[in-house]
Amino acid sequence: MSDSKAADVTAMCHVNPRGARIVSLGRCEICQGRGFVDGVFRDWPCAACDGAGLVVKETGEKMESTAMIEQLRLRLNGALAQNDALRRMLPDGGPSDDYLGMTNKHHIGGGNWTGD
C-alpha cells in the first residue's frame with residue numbers, strides 16, 4: 001500500500017462529526033485488563049476500572065460508563081471506516097469468483113462416490 005493511500009485511510013479513521021475527543025486508554029493494572037479480579041469463591045468486577053478493563057492512560061483513573069461507551073463507539077466507528085477504506089482498495093474478484101453460479105450436481109453435501 002502506498003504512503004498516500006495509507007494517509008487517506010488514517011485520515012478517514014479519525015473523522016468525528018460531533019467533535020468528541022478520543023482519549024487514549026490503557027489496560028487496568030489491578031485486573032490486568034480482564035475487568036474482574038479473582039475472589040475466593042467467585043470473580044468480582046474490578047473496582048479500579050468498573051469492570052471495563054480499561055482506564056485513562058495518562059492518569060490511570062476509571063471513566064464513567066457513558067464516557068467509556070462513547071470512547072469505544074468512536075474507536076469502533078474508526079475501525080469500521082478503516083476496514084471499508086481498505087476493502088475498497090482491494091482489486092475486484094478473486095479465487096472465489098471462479099465458483100459463483102456453479103452448483104453441485106449431487107446437491108448439498110453430496111460427493112462424487114464411484115463405489116470403489
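Since every read-out is calculated from the coordinates, none of them should be taken as a lab result. Note that the coordinates shown come from a computational prediction; the quantities given were computed from them, not determined experimentally. Positions of Cβ are backbone-derived with ideal geometry, glycine not excepted, and every protein chain shown enters the neighbour counts.
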Contour minus Cα-Cα distance for Leu72 and Ile30 (0.36 nm per residue):
13.1 nm
Under 18 Å by backbone N from the virtual spin label 7 Å along Cα-to-Cβ at Ala20, the residues of the stretch 30-70 are 52-57, 62-70
For a quick protection proxy, order the peptides 30-37, 49-56 by their average other-Cβ count within 10 Å, most packed first.
49-56, 30-37
